[in-house]
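The values are calculated or read from the model by the stated rules, or taken from the named source; none is laboratory data. The shown structure was predicted, so the numbers you read here are calculated from the model rather than taken from an experiment. Methodologically, a virtual Cβ is constructed for each residue, glycine included, from the backbone with ideal geometry; neighbour enumeration extends over all protein chains shown.
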Amino acid sequence: MAWSLLVDVLGLPRDRLYATYFEGDEAAGLEPDNEARERWLKYLPESHVLPGNAKDNFWEMGDTGPCGPCSELHFDRIGGREAASLVNQDDPDVLEVWNLVFIQYNREEKGGSLKLLPSKHVDTGMGLERLVSVLQDKRSNYDTDCFMPIFEKIREVTGVREYTGKVGKEDVDGVDTAYRVVADHARTIAIACADGAQPSNDGRGYVLRRVLRRGVRYARQQLGGKKGFFAQIVKKVIDMMSGFFKELADKEEIILDIVESEEAQFLRTIDRGIKKFEKAISDLAGNGGVVLSGEVMFQLYDTYGFPVDLTTLMAEERNISVDTEGYKKRMLEAKELSKQAGESATGAKTLKMEAEQTEFLAGEGVEPTDDSFKYNWIPSKRSGDDVSATIKAIWTGSEFAKTAGEGQFVGIVVDKTNFYAEQGGQIFDTGSISSPDGDFHVENVQRFGRYVMHIGTVSDGEVRVDEEVTLSVDCDRRADVAKNHTGTHIMNFGLRKVLGDHCDQKGSIVLPDKLRFDFANNSPVKPAEIAEVQSIVQKVVQQKLPVYAETLSLETAREIYGLRAVFGEAYPDPVRVLSVGVPPEKMVENLKNEEWAGYSVEFCGGTHLHNSGEAEEFVIVSEEGIAKGIRRIVALTGEKARDAIELAESLEEHLRNGEREAEKVPMDVGAMSKTIANINKKVDEAVIPLPTKEAFRARIAKMRDIMGKEHKKNVQAAKGKAKEYTEQIVEELSKEDNLKFIVKELPAFFSADPKLVNDVSEKLKSALTVPCVLVSLDEVSDKLLFLATVPDELAKTKGAAKDWMAEALTLCDGKGGGKPNRAQGIGKNPAQMAAAVASLKSFAEKNYC
């Protein structure tokens, strides 16, 4: 098919095509792919059919998973020459245009052996843009009509000079590079978002965010792009490609919303970040330095949203190196702080104001903080409006100050805020406060009395009391928190529905990466009940029900049938009521309607989703007891939940492989035992949906049962063989003249039951009164078993049994012990069996002969 399309349909000259095949890998036990070679020789001369090593011609999707040899087709753009020596040499004029991957193996562990797949297939990889460049006779993909219309749009919007195709040092002003980056990244963003991906702060979402921000930075600095520019280029991509990719047109509004929001969010900080970068570079030059510190790189990431690869690129453009290790260290420190905060929602670095300080502020005429703006945001767009405010106080932890400079850790009180202060189990918001002369990184937000204090570090310049500032919440992080908070409410509803009204909430913590919920229940929640609760929540998410938040009088709200509230909690009056599916105002019309018990309705002042579908996904990953009558559930939403589901799907393949191995006749019990142990370890350590984990454990137990039955059969068979073997060697050794000692490696069937080794030892001891050591390989545990016996007199005068084994055990990383006349040991490294046996013989020859 590949040959037919390229040559017969597209008309590529066959004399400019070269095929490669896998040459084999002796170390990996892989034969050359001569079948592929022979097939290509039907179409190409021998000089155009080339062997390739594992690097070029053995395809793997990663450290583990399906893989196999591959065969590539390369095209010589120039022609009229022999270009075999240029294949796979990164020559721009001899390029791969097709790859046929023969998926026939599976690698279960990194660096592990390959296992044949039960079914095999051919996977085709074709470079569309490369092929277009060949057909249009262009030396670069960017010169084809895949990109030129996008370049024309860039020029139209910005008025920048025409694209000239320059690269490297020839692209003096960097404009051609910017053309390519913006066009390429706009295509990536459009397709990824059409497939359902969204920029975020972790996983694949962060890769997408890095791509988008890199594109925005090039557009801003090299092309002079204004706000909305990148979205216009993405729109051009949609117009160009939607005829082939229908989902681009179907999801155009969603894609453009995401891009506009992300672009606007980064543009709020990019100029200040570039200013920070330029200052750091200037300081370096002044000090004769050539390495950008990890601390500056971290600040650019943490405060201004600069991905580390973007900072690295900017530094390289200035011939400056970067302290990657310093950055990683600083990131680890930040993650540790975040982890501590995750263990307890109040675990982050903080400052406190006591009644004395809040009374002082009131006495100074400082009005209570208006934090109603925290609800003005759009979860689906992961964005919200900034708020302009005035700094009313700066608290150092010991006194109120008028100013705070770079590096100072302080608390800032403003007249109004869009930040959520930690409360009701929901973690605080993070973000930034910017003034004309400084930037403040908000790391924690707490409420003290009627004041909201933003706690963090002055990252640049200084901030002052009475100064006008702009407050920007990290809405990306808040959106993840909101998914988990709304998910908590729906799960609370699901628990009540499955377990009954007794399961009152006893506590909860809502974080960006997970939710934790404590509730009353006298016994562990059964796996089937967990699965039912999870299913209820998933159904509500799939129904995409509106999430309502309305303020009602406390007296009225308490009368809503089925309303959930935390026992003993003091609620304000009026109180905020949050419901999923039906608005509280409708419930008020008929407070005692039992229908309301079919919906999630609670008191809550947190920041939530606007629609249950925005949670995207929900899974329960653990359930445990934390005190008498108190259970705890941990669950995930959004991308974290999808990651858990995908991990479970990948483990499913390991389970199936194990089950296929368990069905083999005869079974290799040793190999099966290792397989089960490996699968069990993976399942135990995996963060996956709990119902799935329980199902996996049941299947593992079934495999163990099958293996156990097979093992019993092997033991019975081995007993008979062991009896015959023992009688045979006793007879043989009895005939030997001058027998001084016995060192014997036992056959593999002895590994079926260690007791068999003891039996043969006892019979040899009674029949032949000489020192004897037996060595057996236990194929189930993959360990060496040693059993030594020495007559009492020899043990006292020539060498005890444990001394005889000492060096051998050391050689095979083992341990042992026992009495002078009898000792046993276990070696962990069976590869040293021969060396261990040689050591045993050497000791015996020196001491017992």
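Here are the numbers for the structure shown:
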read-out: When residues of the range 4-40 are limited to those that are of a type outside the set (A, V, I, L, M, F, W, C) and in contact with a helix residue (DSSP H, G or I) (Cβ under 6 Å, 6 or more places away or on another chain), the one nearest to residue 97 (Cα to Cα); value: 18
read-out: Filtered residue count, the range 89-143, keeping only those that are part of a strand (DSSP E or B) and under 22 Å from residue 19 (Cβ atoms); value: 19
read-out: Answer from 645, 676 - the residue that is touching a Pro at 6+ places or on another chain (Cβ under 8 Å) and either modelled with pLDDT under 95 or assigned to a helix (DSSP H, G or I) (or both); value: 645
read-out: Matching residues, the range 650-695, being in contact with a Leu (Cβ under 9 Å, 6 or more places away or on another chain), of a type in the set (Val, Ile, Thr) and either surrounded by fewer than 19 Cβ atoms within 10 Å (Cβ to Cβ) or more than 21 Å from residue 620 (Cβ to Cβ) (or both); value: 679, 687
read-out: Filter result (without any contact (Cβ under 8 Å) to a residue 60 or more places away in the chain and either surrounded by 15 or more Cβ atoms within 10 Å (Cβ to Cβ) or in a helix (DSSP H, G or I) (or both)) within the range 371-388; value: 372, 373
read-out: Residue that is nearest to residue 775 (Cα to Cα) [pool: residues in the range 690-747 that are touching a residue at least 40 places away in the same chain (Cβ under 8 Å) and assigned to a loop (DSSP other than H, G, I, E, B)]; value: 741
read-out: The range 807-823: number of residues that are surrounded by fewer than 17 Cβ atoms within 10 Å (Cβ to Cβ) and part of a helix (DSSP H, G or I); value: 2
read-out: Given (1) buried (at least 16 other Cβ atoms within 10 Å of the Cβ); (2) assigned by TED's automatic domain parsing to the domain that holds residue 358, index of the condition residue 468 fails; value: (1)
read-out: Residue list for the range 497-530, filter: over 19 Å from residue 625 (Cβ atoms) and part of a helix (DSSP H, G or I); value: 497
read-out: Which listed residue is touching a Phe, Trp or Tyr at 6+ places or on another chain (Cβ under 9 Å), without any contact (Cβ under 8 Å) to a residue 60 or more places away in the chain, in the same structural domain as residue 310 (by TED's automatic domain parsing) and surrounded by fewer than 18 Cβ atoms within 10 Å (Cβ to Cβ), from 253, 295; value: 295
read-out: Complete set of residues in the range 397-432 that are polar (S, T, N, Q) and in contact (Cβ under 8 Å) with a residue 40 or more places away in the chain; value: 403, 408, 417, 418, 423, 426, 430, 432
read-out: Yes/no for residue 415 being in contact with a Lys or Arg (Cβ under 8 Å, 6 or more places away or on another chain) and crowded, with 22+ Cβ neighbours inside 10 Å; value: no
read-out: Sole residue being among the charged types (D, E, K, R), touching a strand residue (DSSP E or B) at 6+ places or on another chain (Cβ under 7 Å), at pLDDT below 95 and closer than 24 Å to residue 659 by Cα, chosen from 115, 110; value: 115
read-out: Residues that are touching a strand residue (DSSP E or B) at 6+ places or on another chain (Cβ under 8 Å) and assigned to a helix (DSSP H, G or I), drawn from the range 578-612; value: 584, 585, 587, 588, 612
read-out: Output for the range 162-180, where each listed residue is crowded, with 17+ Cβ neighbours inside 10 Å and either over 19 Å from residue 233 (Cα atoms) or modelled with pLDDT under 95 (or both); value: 171
read-out: Residue count, the range 210-222 (criterion: out of contact with any Leu (no Cβ under 8 Å at 6 or more places or on another chain) and surrounded by 22 or more Cβ atoms within 10 Å (Cβ to Cβ)); value: 4
read-out: The one condition in (1) farther than 30 Å from residue 383 by Cα; (2) small (Gly, Ala, Ser); (3) surrounded by fewer than 15 Cβ atoms within 10 Å (Cβ to Cβ); (4) under 36 Å from the mean Cα position of the chain (by Cα) that residue 531 fails to fulfil; value: (3)
read-out: Tally of residues being out of contact with any His (no Cβ under 9 Å at 6 or more places or on another chain) and within 10 Å of residue 471 (Cα to Cα) across the range 417-438; value: 3
read-out: Residues of the range 79-94 classified as out of contact with any strand residue (DSSP E or B) (no Cβ under 8 Å at 6 or more places or on another chain) and in contact (Cβ under 8 Å) with a residue 24 or more places away in the chain, total; value: 3
